[in-house]
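The structure under discussion appears below in the form of structure tokens.
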Amino acid sequence: MILSCQNIEKSFGTKTVLSHVSFHINEHEKTAVVGANGAGKSTLLKIIMNELSADSGETILAKNAAVGYLAQHQDFTSEFSIYEEMLKVKEHIIQLEEKIHSLEKAMKEAPEDTLNELMEEYNRCTQEFEQENGYACRSEITGVLKGLGFTEEDFSRTAETLSGGQKTRVALGRLLLSSPDLILLDEPTNHLDMESIAWLETYLSNYKGAVLIVAHDRYFLDHVVSKVVELDHGSSTVFEGNYTDYAKKKEQLRNAQLRQYLNQQQEIKHQQEVIAKLKSFNREKSIKRAESREKMLNKIEVLEKPQNDHTMFMKLEPSITSGNDVLTVRSLSKAFDTNELFQNIDFELKRGERVAIIGGNGTGKTTILKILMDMLPADSGEILFGAKVLPAYYDQEHQVLHMEKTLFDEIQDTYPDMDNTQVRSLLAAFLFTGDDVFKQIGDLSGGERARVSLAKLMRSKSNLLILDEPTNHLDIMSREILEDAMNRYTGTILYVSHDRYFINRTATRILNLTGKKLLNYIGNYDYYLEKKEVTEAAAFGTSLPTADFRTALAEKGNAETGYLPHGNPAKETQDTIIPEPKTDWKQYKEAQAAKRKLENQLKKTETEIEELESENEQIDELLTKEEIYTNVEELLKLNERKKAVEKRLEECMELWEELSETVNGFQS
């Protein structure tokens with residue numbers, strides 16, 4: 001065991017973020033921390049790194065264990081180049097290499113009496129150099145930089161010339177090269193393109209140390225981790241397996257909890273009905289039975305209903321149906337100064353398609369969407385929208401939102417036909433309630449702005465959705481809700497995304513923007529991976545160098561880790577969801593007949609109880625009459641009948657209880 005977290009608790013003001021969080025990580029183990037936005041994932045990592053103190057509990061690291069940490073946001077400054085920054089991580093190896101060279105020089109000039117001593121020192125240094133993999137040091141640095149998406153031209157760039165995302169990648173590269181015993185990564189895929197993420201998957205899968213990852217990239221987690229720690233309402237639950245294993249087990253667990261809750265609720269209702277019925281008999285024994293049942297009922301520990309809260313509701317539905325030909329793009333080209341993004345690209349969209357545009361960072365994916373929405377001019381080309389096509393645009397930078405407006409005004413100004421209640425209801429569906437609706441857009445987090453944009457999109461009723469990175473800033477649960485909404489949508493969708501799990505679940509076709517061309521794949525992301533090499537070879541004569549370099553590593557990693565592709569989600573669903581076997585028809589009919597028989601018995605017993613009670617009341621009334629209590633023979637006869645009635649009443653009440661329990665058992 002390299003890390004143990006025991007009963008970690010953390011509150012901010014009156015809000016409890018973490019409560020009794022416990023788990024451990026073994027050497028070489030790859031673990032994910034998952035949970036909704038605000039569940040405390042980043043807080044937990046900061047507590048482990050002593051950047052925050054826990055209110056109670058403890059974190060225990062193995063003795064002398066080296067720990068590396070990559071936070072979400074990096075404030076990286078340096079006067080050195082990217083490559084020099086990487087070399088600094090390997091400084092001890094560089095110094096060792098320099099020492100070996102100086103020893104070689106010294107041995108050539110050394111007198112015989114000191115030569116043996118120098119040779120011993122030289123042998124010790126070369127042995128240490130080999131153990132530290134010193135001969136591969138520079139190639140390892142080059143491999144990591146290229147794997148993270150830097151070109152050799154980038155190696156000489158300094159920190160002030162880098163974007164925020166590039167700085168994060170440099171920090172990640174330094175961390176990987178330092179090879180600590182435990183790596184903590186907070187959203188490491190946020191600034192990586194697909195090829196770089198595939199490379200990182202392979203690197204981490206084969207990494208000799210342990211890794212603790214916070215990430216929303218489910219495809220990435222499926223490839224890398226073998227354990228999942230879920231944070232939910234402050235508490236932690238540990239699941240063995242990758243993300244898909246966790247999701248299945250979580251659903252099974254929730255279904256089991258829901259069944260237990262519903263069964264208990266049914267049992268409570270049944271007991272309350274039995275108690276009421278027994279009391280209605282208004283007999284000493286039946287009242288005692290009712291009181292006994294009440295005591296037992298009060299001792300029951302009532303289960304809470306499993307909550308599926310903090311999830312938004314989303315339903316996308318076009319107002320009108322477009323023609324079959326939704327969009328035609330011909331000979332589209334775009335360059336910024338000397339940087340040509342794409343040239344003479346063609347593609348079409350048909351009604352009902354869900355098409356994902358993928359490609360490396362900076363290839364022009366977002367540019368294509370902005371040209372389609374007339375937010376940028378094309379250098380050349382033709383764009384034709386089909387009959388009755390109503391497009392709507394989701395902007396990853398949320399430039400279509402007005403930062404100075406409140407959430408309420410943003411919705412109402414966009415859709416003036418909505419009244420106050422409708423606006424509040426729409427915002428509540430995206431988790432904005434109470435005074436939240438009067439917050440300014442400019443004061444919201446990235447995830448909150450994403451939810452506002454999705455709320456506007458849901459209301460748009462468009463039949464062509466053009467989406468730019470719609471899953472950015474969304475937690476896993478919200479991504480899955482969006483996926484389901486998109487899969488139910490009867491219109492057409494064109495979107496840019498780097499979320500491969502999302503693409504796998506939603507795309508019916510993929511357009512890969514690479515080498516200034518669009519390559520077409522009629523399938524999901526796994527289909528794209530399967531056909532990528534052949535398609536690129538046909539398009540370019542050979543695969544692109546960067547793709548070769550990084551994809552080869554990814555494929556090598558898949559082979560080494562035994563990873564099998566997901567396959568087509570629709571096919572996967574058909575293959576893996578096994579319908580419950582049909583109950584034998586004869587047994588089913590017999591069970592139904594037995595149930596009806598018991599229900600009839602129960603009804604007859606209730607009727608008999610009513611008749612016996614009525615007869616008992618009549619006997620009591622007769623016993624008060626003078627002509628009866630003065631007639632000894634008639635009096636004895638009625639008393640005997642009363643005893644028989646009351647005896648039968650007791651038997652019927654006991655039978656009624658038994659039958660009631662049995663019938664209830666059939667229903668549950």
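The values are calculated or read from the model by the stated rules, or taken from the named source; none is laboratory data. Keep in mind the model is a prediction, meaning the values are calculated, not measured. All Cβ positions, glycine included, derive from the backbone under ideal geometry; neighbour counts span all protein chains shown. Protein only, heavy atoms only, side chains kept; ligands, DNA and RNA dropped before computing areas. Shrake-Rupley method; radii C 1.70, N 1.55, O 1.52, S 1.80 Å.
When the C-alpha to C-alpha distance is required to be over 31 Å, the pairs from Lys589/Lys647; Lys604/Lys643; Lys295/Lys647 that qualify are Lys589/Lys647. Note on Glu27 and Leu253: with the Förster distance fixed at 25 Å, the Cβ-Cβ geometry gives a FRET efficiency of about 0.30. The listed residues Arg283, Arg509 rank as Arg283, Arg509 when sorted by accessible area, largest first, using a 1.4 Å probe.
Per residue, the convex hull spanned by the alpha carbons of the chain comes to 269 Å³. Based on Cα contacts under 8 Å between residues 6+ apart, the chain shows a relative contact order of 13 percent. Note on the chain: dipole from Cβ charges, positive end direction compared against Val211, Leu511, His28; the farthest Cα belongs to Leu511. In terms of Cα atoms, the Rg and Dmax of region 458-511 work out to 10.6, 28 Å.
Computed on protein heavy atoms with a 1.4 Å probe, the accessible areas place Tyr243, Tyr69 in the order Tyr69, Tyr243, largest first. Sorting Leu636, Leu87, Leu96 on solvent-accessible area from highest to lowest, probe radius 1.4 Å, gives Leu636, Leu87, Leu96. Each DSSP beta bridge with both residues in the chain is either parallel or antiparallel, and the antiparallel ones are about 55%. Using a 1.4 Å probe, how large is the accessible area of Lys146, given in Å² and rounded to the nearest 10? Surface accessible to solvent at Lys146 totals approximately 60 Å².
Computed over region 316-436, the alpha-carbon pair-distance distribution with 10 angstrom bins reads 10, 32, 29, 22, 7, 0, each value a whole percent. Once R0 is set to 30 Å, what does the formula 1/(1 + (r/R0)^6) return for the Cβ-Cβ distance between Met49 and Ile94, expressed as a FRET efficiency to the nearest 0.05? In this case the efficiency is close to 0.60. Counting only alpha carbon atoms, the long axis of helix 585-623 and the longest principal axis of the chain meet at about 40°.
Database remark: amide H of Ser56 closer than 5 angstrom to the amide H of Glu9 (H placed geometrically; neighbours at sequence offset of 5 or more, or on other chains; Pro and chain starts carry no H). Per-residue ellipticity at 222 nm for the chain, helices alone: DSSP H runs ≥ 4 residues times -39500 (n - 2.57), over residue total, nearest 500 deg cm²/dmol? Theoretical 222 nm ellipticity from helices: -16500 deg cm²/dmol. Rolling a 1.4 Å probe across all protein chains gives Thr508 an accessible area of roughly 50 Å².
Computed extension gain for Arg330 through Lys647, at 0.36 nm per residue and net of the alpha carbon distance, reaches 104.8 nm. Derived scalar couplings between HN and Hα for region 475-486 equal 6, 4, 4, 5, 4, 5, 5, 4, 4, 5, 5, 5 Hz in order, rounded to whole Hz, by the Karplus curve 6.51 cos²θ - 1.76 cosθ + 1.60 (θ = phi - 60°), x for Gly and Pro.
Under a cut-off of 17 Å between alpha-carbon atoms, report the lysines in cross-link reach of Lys586, not counting same-chain residues fewer than 8 places apart. The qualifying lysines are Lys595, Lys597. Scanning residues 5 or more positions from Tyr489 or on other chains, none has an amide H under 5 Å from its amide H, with H placed 1.01 Å from N in the peptide plane. Take the Cα of Lys637, step 7 Å toward its Cβ, do the same at Glu267, and the gap between the two points is 5.2 nm.
Could you pull out the pairs from Lys249/Lys315; Lys405/Lys461; Lys365/Lys517; Lys334/Lys516; Lys350/Lys388 whose alpha carbons sit more than 20 Å apart here? Going by Cα-Cα distance, Lys249/Lys315; Lys405/Lys461 fall outside the 20 Å limit. Note on region 47-103 and region 608-629: Cα centroid distance 94 Å, given to the nearest whole angstrom. Applying the Karplus relation 6.51 cos²θ - 1.76 cosθ + 1.60 with θ = phi - 60° to region 314-320 yields 3J(HN,Hα) values of 9, 9, 9, 8, x, 7, 9 Hz, where x marks Gly and Pro.
Rolling a 1.4 Å probe across the protein heavy atoms gives the chain an accessible surface of 52 Å² per residue. Here the chain has 48 percent of its accessible surface on carbon and sulfur atoms, given a 1.4 Å probe and all protein chains in place. Put simply, the amide H of Ile357, placed in the peptide plane, has neighbours under 5 Å in Tyr495, Val496, Ser497, Leu511, leaving out anything fewer than 5 places away on its chain. Which residues in region 334-358 have a backbone N closer than 11 Å to a point placed 7 Å from the Cα of Glu153 along the Cα-to-Cβ line? Label zone hits: 338-340. Name the residue from Val423, Val437, Ile476 whose Cα lies farthest towards the positive end of the charge dipole of region 389-488, charges +1 on Cβ of Lys and Arg and -1 on Cβ of Asp and Glu. Value: Val423. Here His473 sits with roughly 100 square angstrom of accessible surface, probe radius 1.4 Å. Partner lysines whose Cα lies under 30 Å from the Cα of Lys90, excluding those fewer than 8 positions away in the same chain, are identified as Lys30, Lys46, Lys63, Lys99, Lys105, Lys108, Lys146, Lys167, Lys208, Lys556.
Sequence-ordered 3J(HN,Hα) estimates for region 497-507 from the Karplus curve with 6.51, -1.76 and 1.60 and θ = phi - 60° stand at 7, 10, 7, 5, 5, 4, 4, 4, 7, 10, 6 Hz, glycine and proline given as x.
Rounded to the nearest 20, the Cβ-based charge dipole of the chain about its Cα centre (Lys and Arg +1, Asp and Glu -1) stands at 1720 debye. Relative contact order, whole percent, for region 1-136 stands at 20, derived from Cα pairs under 8 Å and 6 or more residues apart.
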